[in-house]
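Step one of this worksheet: look at the structure below.
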Amino acid sequence: MRDVIVVGLGPAGSTAAYKLASSGLRVLGLDKEKFPRYKSCGGCISTKIERELDFDISGAVEDTVYGATFTYKSGRPVDIMSDRPVGYNVMRDRFDNLLVDKAREAGAEVIDGCRVTSVEDDGSSVTVTTASGAAYRAKALVGADGASGFTGRVHFGLNPKEAAVSLTAEVPYDSALTDVKGRLFIDFGGVPFGYAWIFPKKEVLSVGMAGDAAMIKGGIKAQFNAFVSSYYALKGFDVDERRGWMVPVFYSGSTRAVKGRILLVGDNGHLVDPFLGEGIYYAIKTGKGAASAIADALRNGGEDFSAYQGWLEKEIYPEFKSAERLSTLVYNHPRLWYSIIEKDPSIMLRYYDVIRGEESCDSFHAWVHAKIRSKPWKVL
(Lines give C-alpha, C1' and ligand atoms only; values in the text may rest on other atoms or scores of the structure.)
Protein backbone atom coordinates (compact mmCIF):
# COMPACT_ATOMS: atom_id res chain seq x y z
CA MET A 1 0.00 0.00 0.00
CA ARG A 2 1.42 3.35 -1.10
CA ASP A 3 0.14 6.68 0.07
CA VAL A 4 -0.32 8.01 -3.48
CA ILE A 5 -0.09 6.67 -7.02
CA VAL A 6 0.50 9.20 -9.80
CA VAL A 7 -0.59 8.07 -13.27
CA GLY A 8 1.30 10.02 -15.94
CA LEU A 9 4.60 11.82 -15.39
CA GLY A 10 4.39 14.89 -17.58
CA PRO A 11 4.79 18.26 -15.82
CA ALA A 12 1.58 17.84 -13.77
CA GLY A 13 2.26 14.30 -12.57
CA SER A 14 5.97 14.69 -11.95
CA THR A 15 5.39 17.92 -9.99
CA ALA A 16 2.73 16.21 -7.88
CA ALA A 17 5.05 13.24 -7.28
CA TYR A 18 7.92 15.58 -6.36
CA LYS A 19 5.83 17.57 -3.88
CA LEU A 20 4.22 14.48 -2.32
CA ALA A 21 7.52 12.66 -1.93
CA SER A 22 9.14 15.81 -0.53
CA SER A 23 6.49 15.83 2.21
CA GLY A 24 7.49 12.32 3.25
CA LEU A 25 4.72 10.31 1.59
CA ARG A 26 5.22 6.96 -0.19
CA VAL A 27 4.67 7.79 -3.85
CA LEU A 28 4.59 5.61 -6.97
CA GLY A 29 4.69 7.29 -10.37
CA LEU A 30 3.71 5.39 -13.52
CA ASP A 31 4.03 6.45 -17.15
CA LYS A 32 3.49 4.53 -20.39
CA GLU A 33 6.56 6.14 -22.02
CA LYS A 34 10.26 5.71 -21.32
CA PHE A 35 11.97 8.95 -20.30
CA PRO A 36 13.33 11.05 -21.84
CA ARG A 37 10.71 11.07 -24.57
CA TYR A 38 9.62 13.52 -27.27
CA LYS A 39 6.35 15.38 -26.70
CA SER A 40 4.51 17.42 -29.32
CA CYS A 41 4.16 20.89 -27.83
CA GLY A 42 4.94 24.50 -28.59
CA GLY A 43 7.06 24.42 -25.46
CA CYS A 44 6.72 28.02 -24.25
CA ILE A 45 6.35 28.56 -20.49
CA SER A 46 5.42 31.88 -18.89
CA THR A 47 7.92 33.40 -16.45
CA LYS A 48 5.46 32.96 -13.58
CA ILE A 49 6.62 29.34 -13.51
CA GLU A 50 9.51 30.53 -11.35
CA ARG A 51 7.09 31.18 -8.48
CA GLU A 52 5.85 27.58 -8.60
CA LEU A 53 9.12 25.63 -8.58
CA ASP A 54 11.73 25.56 -5.82
CA PHE A 55 14.53 24.35 -8.10
CA ASP A 56 16.39 25.77 -11.10
CA ILE A 57 15.12 24.98 -14.61
CA SER A 58 17.59 27.18 -16.50
CA GLY A 59 19.50 24.13 -17.78
CA ALA A 60 16.40 23.11 -19.78
CA VAL A 61 15.67 26.57 -21.21
CA GLU A 62 16.39 26.88 -24.93
CA ASP A 63 15.56 30.58 -25.34
CA THR A 64 14.26 33.47 -23.23
CA VAL A 65 11.31 35.31 -24.78
CA TYR A 66 10.88 39.09 -24.55
CA GLY A 67 7.92 39.52 -26.89
CA ALA A 68 6.61 38.56 -30.30
CA THR A 69 6.27 39.43 -33.94
CA PHE A 70 2.55 39.37 -34.71
CA THR A 71 1.03 38.91 -38.16
CA TYR A 72 -2.41 38.60 -39.70
CA LYS A 73 -2.69 35.82 -42.30
CA SER A 74 1.12 35.86 -42.65
CA GLY A 75 1.23 39.60 -43.42
CA ARG A 76 1.30 43.02 -41.76
CA PRO A 77 4.05 42.14 -39.23
CA VAL A 78 4.17 44.10 -35.96
CA ASP A 79 7.02 43.70 -33.47
CA ILE A 80 5.91 44.13 -29.87
CA MET A 81 8.88 43.60 -27.56
CA SER A 82 9.26 44.17 -23.82
CA ASP A 83 12.35 45.01 -21.82
CA ARG A 84 11.56 42.14 -19.44
CA PRO A 85 11.23 38.40 -20.09
CA VAL A 86 7.75 37.08 -20.81
CA GLY A 87 8.49 33.37 -21.12
CA TYR A 88 10.95 30.55 -21.74
CA ASN A 89 11.11 28.11 -24.66
CA VAL A 90 11.88 24.50 -23.77
CA MET A 91 12.05 21.13 -25.51
CA ARG A 92 9.69 18.83 -23.68
CA ASP A 93 11.98 15.80 -23.67
CA ARG A 94 14.62 17.64 -21.63
CA PHE A 95 12.23 19.68 -19.51
CA ASP A 96 9.94 16.79 -18.57
CA ASN A 97 12.90 14.54 -17.85
CA LEU A 98 14.25 17.17 -15.45
CA LEU A 99 10.96 17.11 -13.52
CA VAL A 100 10.90 13.31 -13.39
CA ASP A 101 14.48 13.29 -12.07
CA LYS A 102 13.47 15.76 -9.35
CA ALA A 103 10.60 13.46 -8.33
CA ARG A 104 13.02 10.52 -8.09
CA GLU A 105 15.50 12.58 -6.06
CA ALA A 106 12.72 13.50 -3.64
CA GLY A 107 12.06 9.81 -3.02
CA ALA A 108 9.26 8.92 -5.42
CA GLU A 109 9.39 5.46 -6.97
CA VAL A 110 9.14 5.83 -10.75
CA ILE A 111 8.21 3.07 -13.21
CA ASP A 112 8.25 4.28 -16.81
CA GLY A 113 7.33 2.24 -19.85
CA CYS A 114 4.33 1.01 -17.85
CA ARG A 115 0.83 1.47 -19.31
CA VAL A 116 -2.14 1.64 -16.93
CA THR A 117 -5.17 -0.34 -18.10
CA SER A 118 -7.60 0.13 -15.22
CA VAL A 119 -8.20 2.23 -12.12
CA GLU A 120 -10.67 1.17 -9.41
CA ASP A 121 -11.70 3.19 -6.36
CA ASP A 122 -13.48 0.89 -3.91
CA GLY A 123 -13.96 3.59 -1.28
CA SER A 124 -11.17 2.44 1.01
CA SER A 125 -8.29 2.53 -1.50
CA VAL A 126 -7.49 2.87 -5.20
CA THR A 127 -6.14 -0.07 -7.22
CA VAL A 128 -4.24 0.45 -10.46
CA THR A 129 -3.65 -2.42 -12.90
CA THR A 130 -1.05 -2.23 -15.66
CA ALA A 131 -0.68 -3.90 -19.05
CA SER A 132 1.85 -6.33 -17.57
CA GLY A 133 -0.76 -7.55 -15.07
CA ALA A 134 0.89 -5.89 -12.07
CA ALA A 135 -1.46 -4.21 -9.57
CA TYR A 136 -0.69 -1.40 -7.13
CA ARG A 137 -2.76 0.05 -4.31
CA ALA A 138 -2.78 3.48 -2.66
CA LYS A 139 -4.83 5.77 -0.45
CA ALA A 140 -5.18 8.34 -3.25
CA LEU A 141 -4.52 8.66 -6.96
CA VAL A 142 -3.45 11.64 -9.06
CA GLY A 143 -4.71 11.38 -12.64
CA ALA A 144 -2.10 13.10 -14.81
CA ASP A 145 -2.25 10.96 -17.93
CA GLY A 146 -2.59 13.86 -20.35
CA ALA A 147 -4.97 14.90 -23.10
CA SER A 148 -7.82 12.40 -23.54
CA GLY A 149 -6.28 10.48 -20.66
CA PHE A 150 -7.85 7.32 -19.30
CA THR A 151 -8.52 8.69 -15.81
CA GLY A 152 -10.38 11.85 -16.79
CA ARG A 153 -12.21 10.28 -19.69
CA VAL A 154 -13.41 7.08 -17.97
CA HIS A 155 -13.82 8.10 -14.33
CA PHE A 156 -14.93 11.71 -14.73
CA GLY A 157 -16.66 11.57 -18.10
CA LEU A 158 -14.69 14.49 -19.52
CA ASN A 159 -15.28 15.03 -23.22
CA PRO A 160 -12.05 14.63 -25.24
CA LYS A 161 -13.69 16.47 -28.15
CA GLU A 162 -13.83 19.66 -26.08
CA ALA A 163 -10.37 20.61 -27.23
CA ALA A 164 -8.26 22.41 -29.76
CA VAL A 165 -6.65 20.32 -32.49
CA SER A 166 -3.05 21.07 -33.33
CA LEU A 167 -0.28 20.25 -35.79
CA THR A 168 3.39 20.84 -34.97
CA ALA A 169 6.73 20.40 -36.71
CA GLU A 170 10.31 20.75 -35.51
CA VAL A 171 12.31 22.51 -38.23
CA PRO A 172 16.15 22.47 -37.97
CA TYR A 173 17.75 25.86 -38.50
CA ASP A 174 21.05 27.67 -38.16
CA SER A 175 21.18 28.96 -34.58
CA ALA A 176 23.41 31.83 -35.80
CA LEU A 177 20.21 33.46 -37.10
CA THR A 178 19.99 35.88 -34.19
CA ASP A 179 17.01 37.75 -35.65
CA VAL A 180 14.71 34.97 -34.42
CA LYS A 181 16.13 34.81 -30.90
CA GLY A 182 14.26 36.25 -27.94
CA ARG A 183 10.88 36.39 -29.65
CA LEU A 184 7.90 34.33 -30.70
CA PHE A 185 6.09 34.59 -34.04
CA ILE A 186 2.29 34.60 -33.69
CA ASP A 187 -0.13 34.63 -36.62
CA PHE A 188 -3.86 35.33 -36.33
CA GLY A 189 -6.59 34.68 -38.88
CA GLY A 190 -5.22 31.54 -40.53
CA VAL A 191 -7.14 29.00 -38.47
CA PRO A 192 -10.63 29.14 -36.94
CA PHE A 193 -10.67 30.12 -33.25
CA GLY A 194 -6.92 29.80 -32.76
CA TYR A 195 -3.52 30.90 -34.02
CA ALA A 196 -0.29 29.70 -35.63
CA TRP A 197 3.18 30.08 -34.15
CA ILE A 198 6.92 29.73 -34.50
CA PHE A 199 8.85 29.24 -31.25
CA PRO A 200 12.66 29.32 -31.71
CA LYS A 201 14.70 26.76 -29.76
CA LYS A 202 18.47 26.14 -29.81
CA GLU A 203 18.49 23.85 -32.86
CA VAL A 204 14.93 23.85 -34.18
CA LEU A 205 12.02 26.14 -34.87
CA SER A 206 8.90 24.68 -33.26
CA VAL A 207 6.25 25.49 -35.86
CA GLY A 208 2.63 24.89 -34.98
CA MET A 209 -1.02 25.74 -35.34
CA ALA A 210 -4.01 25.10 -33.08
CA GLY A 211 -7.69 25.88 -33.36
CA ASP A 212 -11.06 24.79 -32.04
CA ALA A 213 -11.65 21.19 -33.12
CA ALA A 214 -15.36 21.68 -33.77
CA MET A 215 -14.75 24.71 -36.01
CA ILE A 216 -11.81 23.31 -37.96
CA LYS A 217 -13.75 20.17 -38.95
CA GLY A 218 -10.74 18.30 -40.27
CA GLY A 219 -9.24 21.18 -42.22
CA ILE A 220 -6.14 21.84 -40.17
CA LYS A 221 -3.73 20.14 -42.58
CA ALA A 222 -4.66 22.51 -45.40
CA GLN A 223 -4.56 25.51 -43.06
CA PHE A 224 -1.14 24.49 -41.71
CA ASN A 225 0.21 24.02 -45.25
CA ALA A 226 -1.06 27.48 -46.21
CA PHE A 227 0.68 29.00 -43.19
CA VAL A 228 4.09 27.37 -43.68
CA SER A 229 4.09 28.11 -47.42
CA SER A 230 3.22 31.79 -47.00
CA TYR A 231 4.96 32.87 -43.79
CA TYR A 232 8.03 35.00 -44.55
CA ALA A 233 10.19 33.61 -41.71
CA LEU A 234 9.80 30.06 -43.10
CA LYS A 235 10.90 30.82 -46.66
CA GLY A 236 13.52 28.27 -47.73
CA PHE A 237 12.74 25.81 -44.92
CA ASP A 238 11.36 22.31 -45.41
CA VAL A 239 8.51 21.72 -42.98
CA ASP A 240 8.05 18.01 -43.54
CA GLU A 241 7.41 15.85 -40.49
CA ARG A 242 4.21 16.92 -38.74
CA ARG A 243 2.62 15.57 -35.58
CA GLY A 244 -0.98 16.01 -34.49
CA TRP A 245 -2.14 16.38 -30.91
CA MET A 246 -5.07 17.66 -28.89
CA VAL A 247 -5.05 20.62 -26.53
CA PRO A 248 -7.68 19.83 -23.85
CA VAL A 249 -8.65 23.40 -22.98
CA PHE A 250 -10.91 24.31 -20.07
CA TYR A 251 -14.63 24.22 -20.79
CA SER A 252 -17.69 24.77 -18.60
CA GLY A 253 -18.38 21.05 -18.14
CA SER A 254 -14.87 20.29 -16.87
CA THR A 255 -15.20 21.86 -13.43
CA ARG A 256 -15.08 18.63 -11.40
CA ALA A 257 -11.59 17.41 -10.57
CA VAL A 258 -12.11 15.35 -7.40
CA LYS A 259 -14.08 12.12 -7.22
CA GLY A 260 -13.60 9.96 -4.15
CA ARG A 261 -9.88 9.23 -3.88
CA ILE A 262 -9.02 10.36 -7.42
CA LEU A 263 -7.83 13.88 -8.30
CA LEU A 264 -7.23 15.24 -11.82
CA VAL A 265 -4.40 17.61 -12.71
CA GLY A 266 -3.09 19.31 -15.84
CA ASP A 267 -4.28 18.28 -19.29
CA ASN A 268 -6.13 15.26 -17.92
CA GLY A 269 -8.57 17.58 -16.13
CA HIS A 270 -8.79 20.05 -19.06
CA LEU A 271 -6.87 22.52 -16.90
CA VAL A 272 -5.44 24.43 -19.86
CA ASP A 273 -5.78 28.17 -20.53
CA PRO A 274 -8.59 28.46 -23.15
CA PHE A 275 -7.10 31.63 -24.69
CA LEU A 276 -3.40 30.89 -25.16
CA GLY A 277 -3.63 27.13 -24.82
CA GLU A 278 -0.86 27.29 -22.22
CA GLY A 279 -0.80 24.00 -20.37
CA ILE A 280 2.66 23.57 -18.82
CA TYR A 281 2.32 26.30 -16.20
CA TYR A 282 -1.14 25.14 -15.14
CA ALA A 283 0.01 21.52 -15.14
CA ILE A 284 2.69 22.38 -12.60
CA LYS A 285 0.42 24.66 -10.57
CA THR A 286 -2.42 22.10 -10.35
CA GLY A 287 0.06 19.30 -9.64
CA LYS A 288 1.23 21.31 -6.65
CA GLY A 289 -2.33 22.10 -5.60
CA ALA A 290 -3.41 18.46 -5.66
CA ALA A 291 -0.28 17.36 -3.80
CA SER A 292 -0.91 19.92 -1.06
CA ALA A 293 -4.53 18.81 -0.60
CA ILE A 294 -3.57 15.12 -0.46
CA ALA A 295 -0.68 15.69 1.94
CA ASP A 296 -2.84 17.77 4.28
CA ALA A 297 -5.66 15.20 4.27
CA LEU A 298 -3.39 12.20 4.90
CA ARG A 299 -1.36 14.04 7.53
CA ASN A 300 -4.56 14.71 9.46
CA GLY A 301 -5.77 11.13 9.10
CA GLY A 302 -8.61 12.12 6.79
CA GLU A 303 -9.84 10.79 3.48
CA ASP A 304 -11.53 13.92 2.13
CA PHE A 305 -9.59 15.49 -0.72
CA SER A 306 -12.21 18.09 -1.68
CA ALA A 307 -9.92 20.92 -0.54
CA TYR A 308 -8.33 20.61 -3.96
CA GLN A 309 -11.68 21.27 -5.66
CA GLY A 310 -12.17 24.34 -3.47
CA TRP A 311 -8.69 25.57 -4.36
CA LEU A 312 -9.40 25.18 -8.10
CA GLU A 313 -12.66 27.10 -7.78
CA LYS A 314 -10.88 29.95 -6.03
CA GLU A 315 -7.51 30.09 -7.78
CA ILE A 316 -7.86 28.58 -11.26
CA TYR A 317 -11.41 28.57 -12.63
CA PRO A 318 -12.01 32.36 -12.38
CA GLU A 319 -8.93 33.03 -14.53
CA PHE A 320 -9.99 30.38 -17.03
CA LYS A 321 -13.48 31.84 -17.30
CA SER A 322 -11.99 35.28 -17.97
CA ALA A 323 -9.69 33.72 -20.58
CA GLU A 324 -12.78 32.14 -22.20
CA ARG A 325 -14.36 35.58 -22.55
CA LEU A 326 -11.13 36.98 -23.98
CA SER A 327 -10.85 34.12 -26.48
CA THR A 328 -14.44 34.79 -27.63
CA LEU A 329 -13.55 38.43 -28.27
CA VAL A 330 -10.28 37.72 -30.07
CA TYR A 331 -10.90 34.53 -32.01
CA ASN A 332 -14.41 35.39 -33.19
CA HIS A 333 -13.07 38.67 -34.59
CA PRO A 334 -9.39 38.07 -35.47
CA ARG A 335 -9.20 40.82 -38.09
CA LEU A 336 -10.69 43.38 -35.71
CA TRP A 337 -8.40 42.24 -32.88
CA TYR A 338 -5.35 42.47 -35.10
CA SER A 339 -6.28 45.95 -36.30
CA ILE A 340 -6.63 47.06 -32.68
CA ILE A 341 -3.21 45.81 -31.55
CA GLU A 342 -1.68 47.06 -34.81
CA LYS A 343 -2.82 50.60 -33.93
CA ASP A 344 -2.18 50.28 -30.19
CA PRO A 345 0.68 47.85 -29.37
CA SER A 346 0.50 48.87 -25.70
CA ILE A 347 -2.46 46.50 -25.42
CA MET A 348 -0.18 43.51 -25.95
CA LEU A 349 2.49 44.96 -23.67
CA ARG A 350 -0.16 45.04 -20.95
CA TYR A 351 -1.19 41.48 -21.79
CA TYR A 352 2.42 40.42 -21.24
CA ASP A 353 1.81 41.36 -17.58
CA VAL A 354 -1.06 38.84 -17.55
CA ILE A 355 1.29 36.18 -18.90
CA ARG A 356 3.84 37.08 -16.21
CA GLY A 357 1.14 36.75 -13.54
CA GLU A 358 1.30 40.45 -12.63
CA GLU A 359 -2.28 41.25 -13.71
CA SER A 360 -5.40 39.11 -13.77
CA CYS A 361 -6.96 38.09 -17.06
CA ASP A 362 -10.28 39.42 -15.74
CA SER A 363 -8.99 42.97 -15.26
CA PHE A 364 -7.24 42.89 -18.65
CA HIS A 365 -10.40 41.75 -20.42
CA ALA A 366 -12.45 44.46 -18.70
CA TRP A 367 -9.90 47.10 -19.71
CA VAL A 368 -9.77 46.00 -23.37
CA HIS A 369 -13.55 45.72 -23.56
CA ALA A 370 -13.91 49.24 -22.16
CA LYS A 371 -11.43 50.60 -24.72
CA ILE A 372 -13.44 49.08 -27.56
CA ARG A 373 -16.78 50.30 -26.21
CA SER A 374 -15.45 53.82 -25.68
CA LYS A 375 -14.75 54.25 -29.43
CA PRO A 376 -17.30 52.09 -31.27
CA TRP A 377 -16.99 54.23 -34.40
CA LYS A 378 -13.32 53.20 -34.71
CA VAL A 379 -14.27 49.55 -34.33
CA LEU A 380 -16.85 49.92 -37.09
### Query
Considering only the stretch 206-226, how many residues are over 28 Å from ASN159 (Cβ atoms) and open to solvent by less than 10 Å² (accessible area, probe 1.4 Å)?
1
## Note on the structure
PRO318: passes all of (1) in contact with a helix residue (DSSP H, G or I) (Cβ under 9 Å, 6 or more places away or on another chain); (2) under 26 Å from LEU53 (Cβ atoms); (3) free of Cβ contacts under 8 Å to residues at least 40 places away in the same chain; (4) surrounded by fewer than 17 Cβ atoms within 10 Å (Cβ to Cβ) but (3)
### Message
I'm trying to understand the selection: among the residues of the stretch 204-226, which are within 18 Å of CYS41 (Cβ to Cβ) and outside any strand (DSSP E or B)?
### Response
ALA213, ILE220, PHE224
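Conditions (1) more than 30 Å from VAL78 (Cα to Cα); (2) small (Gly, Ala, Ser); (3) under 17 Å from the mean Cα position of the chain (by Cα), marked per residue:
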{"position": "LYS235", "(1), (2), (3)": "no, no, no"}
{"position": "ASP238", "(1), (2), (3)": "no, no, no"}
{"position": "PHE250", "(1), (2), (3)": "no, no, yes"}
{"position": "VAL265", "(1), (2), (3)": "yes, no, yes"}
{"position": "GLY287", "(1), (2), (3)": "yes, yes, yes"}
### Message
Which of the numbered conditions does LEU298 fail, given that it passes all the others? Conditions: (1) open to solvent by 10 Å² or more (accessible area, probe 1.4 Å); (2) in contact (Cβ under 8 Å) with a residue 60 or more places away in the chain; (3) within 18 Å of ARG356 (Cα to Cα).
### Response
(3)
### Summary
Exactly one of GLY152, GLY182, GLY133 is assigned to a loop (DSSP other than H, G, I, E, B), open to solvent by less than 40 Å² (accessible area, probe 1.4 Å) and of a type outside the set (Asp, Glu), and that one is GLY182
### Query
more than 24 Å from VAL207 (Cα to Cα) and open to solvent by 10 Å² or more (accessible area, probe 1.4 Å): does that describe ARG256?
yes
### Query
How many residues, within the stretch 350-380, are open to solvent by 70 Å² or more (accessible area, probe 1.4 Å) and either closer than 17 Å to THR71 by Cβ or among the aliphatic types (A, V, I, L, M) (or both)?
1
### Query
In this structure, does GLU313 turn out to be surrounded by fewer than 14 Cβ atoms within 10 Å (Cβ to Cβ), out of contact with any Leu (no Cβ under 9 Å at 6 or more places or on another chain) and part of a helix (DSSP H, G or I)?
yes
### Query
Can you name the residue in the stretch 237-284 that is assigned to a strand (DSSP E or B) and β-branched (Val, Ile, Thr) and is also farthest from TYR308 (Cα to Cα) among such residues?
VAL247
### Query
Which residues, taken from the stretch 1-47, are open to solvent by 30 Å² or more (accessible area, probe 1.4 Å), part of a strand (DSSP E or B) and either touching a helix residue (DSSP H, G or I) at 6+ places or on another chain (Cβ under 6 Å) or farther than 20 Å from ALA134 by Cα (or both)?
CYS44
### Complete set of residues in the stretch 156-172 that are of a type outside the set (Lys, Arg), open to solvent by 30 Å² or more (accessible area, probe 1.4 Å) and either touching a helix residue (DSSP H, G or I) at 6+ places or on another chain (Cβ under 8 Å) or at pLDDT below 90 (or both)
ASN159, PRO160, GLU162, VAL165
### Task
Mind counting the residues in the stretch 67-88 that are buried (at least 18 other Cβ atoms within 10 Å of the Cβ) and either part of a strand (DSSP E or B) or among the aromatic types (Phe, Trp, Tyr) (or both)?
9
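The values are calculated or read from the model by the stated rules, or taken from the named source; none is laboratory data. Keep in mind that this is a model prediction, so the values were computed, not measured. Positions of Cβ are backbone-derived with ideal geometry, glycine not excepted, and every protein chain shown enters the neighbour counts. Surface areas here come from the heavy atoms of the whole protein model, side chains and all, with no ligands, DNA or RNA. Shrake-Rupley method; radii C 1.70, N 1.55, O 1.52, S 1.80 Å.
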